[in-house]
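The structure appears right after this line, and notes come after that.
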Amino acid sequence: MSDPAVDAYVRGAARLQRNATDTADVEDGAPRTARERERERDRALDRLVDFSRFPALDRALAASAVPYAQGRFAFGSRRLLDGIEGAVGEPQAPGCR
């Protein structure tokens, strides 16, 4: 039997990937390059983030750091499994299985 959280994570990741493939790489019928997506991200971050308050983030982005070096799915699934592992040994409240 699989854990419902793991199942939901995998299904959600697959749905996001499918949607990204269907819509994110095409704008006005023309495919967008990785560089175009990166420029769009940078413009959005410039509007949303005061980089003077987060100089480390500014340096990391300038160095083209990738927050999910192993891929987003691997990063997220590790966090999910770490949480499940931490909960396995915790005492449960009466009435909980």
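Please treat every number below as a calculation from the coordinates, not as lab data. In this text the structure is predicted, and so the values were computed from the model without any measurement. Backbone-built Cβ (ideal geometry, glycine too); neighbour counts: all protein chains shown.
One table, with the values for the structure above:
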read-out: Net +/- balance of residues flanking Ala44 in space, Cβ distance below 12 Å, scoring K and R +1, D and E -1; value: +1
read-out: Protection proxy ranking of 7-13, 82-88 - average other beta-carbon atoms within 10 Å, highest first; value: 7-13, 82-88
